[in-house]
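Here the structure is laid out as structure tokens; the discussion comes afterwards.
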Amino acid sequence: MQKFDVVIVGGGVVGCAIARELSRYKIKVALVEKEVELGTGTSKANTGLIHSGVNVDSSTIKGRLSLEANPIFDRLTSQLNIPFKRNGSLVVAQSREDRQALLHSLEEAKANGIREVKWLEREELIQKEPAINPDALGAIYAPSGGIICPFEFTLALGQNAHSNGVEFFLGTQVQKLLVEKGRVAGVETDKGIIWSSFVVNAAGELADEIGYEIKNEGITIKSRRGQYLVYDREYPVRVNHTLFPRPTQVSKGIIVTPTVHGNLMVGPNAEEVPGKNALETTEAGIKEVIEGARKLVPKIDTSAVIRMFSGLRAVADSDFIISPAQKTGGLVLAVGIQSPGLTAAPKIGELVTELLGDMGLELNAKTDFQEERLSLKNLGEMNWDGRASLVEKDGDYGQVICRCEGITRGEIRDAILSPLGAVTIDGIKRRTRAASGRCQSGFCGPRLVELLQEFAGISPLEASLRGAGTQILKYRSKELLLKAGEEIADL
Amino acid sequence: MRTYDVDVIVIGAGPAGLGAAIKARENGARKVLVLERDFEPGGILNQCIHNGFGLQYFSEELTGPEYAGRFIRKASRAGVEIQTDTMVLEVKPSRQVITSSKRYGLQEFKAKSVVLAMGCRERTRDAIQIYGTRPAGIFTAGTAQRFTNIEGFLPGGKVVVLGSGDIGLIMARRMKLEGCEVQGVFELLPYTNGLSRNVVQCLNDFSIPLYLQKTITQVHGRDRLEGVTALKVDKKQNLLPGTEEFVQCDTLLLSVGLIPENELSRKTGVEIAPLTGGPRVNQDRMANIPGIFACGNVVQVHDLADDVTVESEIAGIAAARFQNGDIPKKEQKIEAGKGLRYVVPQKVDLSCSRETPLIFFMRAELPRREVKIIISQERQEKLAYPLPFIKPGEIIKITVPPEKIKELQPGLNIQVEVRGGG
């Protein structure tokens, strides 16, 4: 196998952001991801927030990087052609104690240079966010807080890196880090060895399981689970801003927010869980989320829930760990990226690049780096005339497959055929929103299975939610009967 | 975008849409166009390959595709035009309908009347909050039915069904007939939600266990479903902790309720009745917007396709007549009283002369025997209909013939309620 300058382990938002940043330079970069799609771990199951930076400690790495990253999102998302909205965040005081503490946080936020951050008294708050609990005692308002789709963000970073020359090895699991004379030489995967001068560990919650004991570095990854509920877009209870309670020691608390696609979302709680497979939702967890959300918006109930999910935050320390490994040369760690990792990701990419430069990687900028990522067509954003002329040229955009979200055959075809295209139902869903609406694939599921066959050559019995083991269908009709018949015949 | 003028646009080519279109055509509408999003007309009947259709309407027993086939042929003979693979994107209150299709691109139809016949969709796992992992193997019963009967694939081999609605019962039998192990049908309530005949023909005849007052709260398995947690509930549907039991399966089919698909109607401004989830309609099945009619499962979830046909014919005739200005004007409320969850239609104009009977559809709140359905005005009993039994799983249909309608006084609200029984 060919030799790379840098191998990035992990295709989440951090790995993809690092890949995009490195793709600016004349070096050979590979990204290895164990799943067949990008962004399937923590990056797919989080709140999708671009944090304003209120209540972050600017002396920490995570605080500094997220403060630096927030202002660049307008430009970055327009380059990547993904939706982003600065809907503003409100950190709501629910008691006198909260109010005291938040007024203090406001001063810190101002000192940290957060744009236009200010205090809203109760009346102003209610005017701004009518659904808010009327018992609220004011809030910190930060107009720079924003919302983004975390899957599209991760994918767009990955696709942009790909079109700038980064090689992606998807469905490839790193089993072992190859170390020669105290220095990395590459990674051994289930598909063979990938040689490389430098390795970046961006494996998220599995960062301590890639065959290299980062425990040697004194690091262990703990999983902290958060559960969420997503509501129907027609749910009448809605908010304009992202509402936070006063944060606790461990988390930013249970948040009520619109998503960038217009659904109401609430969560997460924060639970220490033993295993990295503890991805279930629980009655107690969902109850906790609903109760937390109701403190901010009392009208929230469960009448229009379309999806419950849980995500694991990979926690190593109270801060991110972004540094060269101490005991192995050529290895950079980008681990323990908990909240606000989504916000900080572009800056993590820059920091890791800088560290690699310091470690001796030669960084000569390309002259032909393409900042713009060509986006897929989004018919939902077009007017009827624009849509009509598009369908005239390409009939596939006329055939609606997902009726809940109005997604067409053309959009799904593009999602499958574009670089790093979808190979699973979840992959289609995250790229196009097909199957993410209120029927949750009840109607379009069979169509998506067909389209995976038509455009990706995946047979219906191999079509899966998210890769091997999650195939949707088990047998052909009559297969069980024929088997039973053969068994009887054998008697 | 091309624009066309039509008399009646019908949205949906299931039994409701086809029935309405045929009747509209037979009653004077010249150009009747049915818009269907699927690749063939027939709606959900195409995947209902079991029998039991048409017993009331045709007095013979048909399968779903046969029942649909009769209407498809009849529509074609009547000169009804059907455009398949066509999705309606918007219905304006002024009755302009915008559609999208691969073959015809975007089109705009200006219709004199519009009939909404989009049917219903199934409630999902998340809507009823079944906790746990997110493995493959969890389907709504209707989706599993489509995979099995139309696409030719089985969702799994070891099946648990949650919910004893008709689709759940039918699919329990269907899976068994395909050679699957069917572990049982679980029902939260103390009685089944499906038709009695389906309990007998689908479960009893195939020795499939029915577990009443038992529900499923959690699913297990990381990649593929490995089992579910079943739990007993008390009479008030409270979970009884300590009764948890693990039931092994690779497939969970959900038959936990149908919801009229009124996303389009809502955007148009059609008023939706909260208890049916469908448009609030009058005896002609006209909604609050003049010229916009609705019928079938989009109005209320029916149990029988035959009833859908009956309702669609009312809407179809009225949609054709609307063009002549023959519409109810002074509408009075029809209220569901004691023992009933809802009554359809929700309003009526009794001064509007009709040679057709007035048909009330209603849902009982609880099962009861030996009851009377009482229709009254200003607390005065006007009409009484004795019934041997009622149950929530079987829609009650009361047909008031024209000569009896005269006993009701125009200008007064109507109350319908259940009396007597036990």
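Of note:
- For the stretch A:315-357: rounded, prolate or oblate by the Cα gyration tensor [a/c cutoff 1.5]: oblate
- For the stretch B:163-200 and the stretch A:177-252, distance of Cα centres in Å: 44
- All aspartates and glutamates inside 15 Å of residue B:235 as judged from Cα atoms, apart from same-chain residues fewer than 8 positions distant: B:187, B:365
- More than 25 angstrom apart: percent of Cα pairs within the stretch A:104-248: 58
- In this simple spin-label model, placing a label point 7 Å from the Cα along the Cα-to-Cβ direction at both residue B:288 and residue A:284 gives a separation of 4.5 nm.
- Of the three principal axes defined by the Cα atoms of chain B, the extents in descending order read 63, 58, 38 Å.
- Cut-off under 5 Å, modelled amide H: who pairs with residue B:10 long-range: B:33, B:34, B:35, B:115
- Phi to ³J(HN,Hα) by Karplus 6.51 cos²θ - 1.76 cosθ + 1.60 over the stretch A:365-379, Hz, x for Gly, Pro: 5, 6, 8, 10, 5, 9, 6, 7, 9, 5, 8, 7, 5, 10, 5
- Rel. contact order, % - alpha carbon contacts under 8 angstrom, at least six apart, chain A: 19
- Entry for the protein assembly as shown at q = 0.07, 0.10 Å⁻¹: log10 I(q)/I(0) = -0.63, -1.20, Debye formula applied to identical alpha-carbon scatterers, no solvent contribution.
- In this structure the amide hydrogen of residue B:153, modeled in the peptide plane, comes within under 5 Å of the amide hydrogens of A:477, B:148, none closer than 5 places in sequence on its chain.
- Vicinal HN-Hα couplings computed from phi for the stretch A:17-33 (Karplus, 6.51 cos²θ - 1.76 cosθ + 1.60; Hz; Gly/Pro x): 5, 5, 4, 5, 5, 5, 6, 6, 10, 7, 9, 9, 10, 10, 10, 10, 10
- Lysine pairs with alpha-carbon atoms under 22 Å apart, the stretch B:330-422, spacing 8 or more or separate chains: 29
- Here the spin labels are modelled as points 7 Å beyond Cα on the Cα-Cβ line, and at residue A:302 and residue A:216 they lie 4.8 nm apart.
- Spherically averaged projected area in nm², based on the convex hull that wraps the Cα atoms of the stretch A:358-477: 11.7
- Inter-part distance where the stretch A:423-456 and the stretch A:315-366 are each reduced to a Cα centre, Å: 35
- Normalised by the number of residues in the stretch B:8-118, the average gap of Cα pairs under 8 Å and 6 or more apart makes the relative contact order 33 percent.
- Backbone N within the stretch B:356-399 under 12 Å of label point (7 Å from residue B:335 Cα along the Cβ vector): B:376-380
- Taking the DSSP bridge list for the protein assembly as shown and keeping only pairs wholly inside it, about 65 percent are antiparallel.
- Where a label projected 7 Å from the Cα of residue B:30 along Cα→Cβ would reach, residues of the stretch B:91-132 with amide N under 16 Å: B:110-113
- Inter-probe distance in nm under a simple model that places probes 7 Å from Cα toward Cβ, at residue B:326 and residue A:382: 4.4
- Part-to-part distance (alpha-carbon centres) for the stretch A:38-65 and the stretch B:69-138, which is given in Å: 42
- Loop GluC sites (Glu not before Pro), the stretch B:237-284 (other Cβ atoms within 10 Å of the site Cβ: 13 or fewer; DSSP): B:244, B:271
- Backbone amide hydrogens, once placed in the peptide plane, bring residue A:260 within less than 5 Å of A:148, excluding anything fewer than 5 places away on its chain.
- Applying the Karplus relation 6.51 cos²θ - 1.76 cosθ + 1.60 with θ = phi - 60° to the stretch B:321-332 yields 3J(HN,Hα) values of 6, 3, 5, 8, x, 8, 9, x, 10, 9, 8, 10 Hz, where x marks Gly and Pro.
- For the stretch A:248-301, the Stokes-Einstein estimate of translational diffusion at 25 °C and a viscosity of 0.890 mPa s comes to 200 µm²/s, using the Kirkwood hydrodynamic radius over alpha-carbon pairs.
- Within straight-line cross-link reach of residue A:474, lysines at Cα separation under 25 Å, skipping those fewer than 8 residues along the same chain: A:34, A:429, A:483, B:158, B:176
Bear in mind these aren't lab numbers, they're just calculated from the coordinates by the rules spelled out. As the structure is a prediction and not an experimental result, all values here were calculated from the model. Counting neighbours? That spans all protein chains shown, and the Cβs are built from the backbone with ideal geometry, glycine included.
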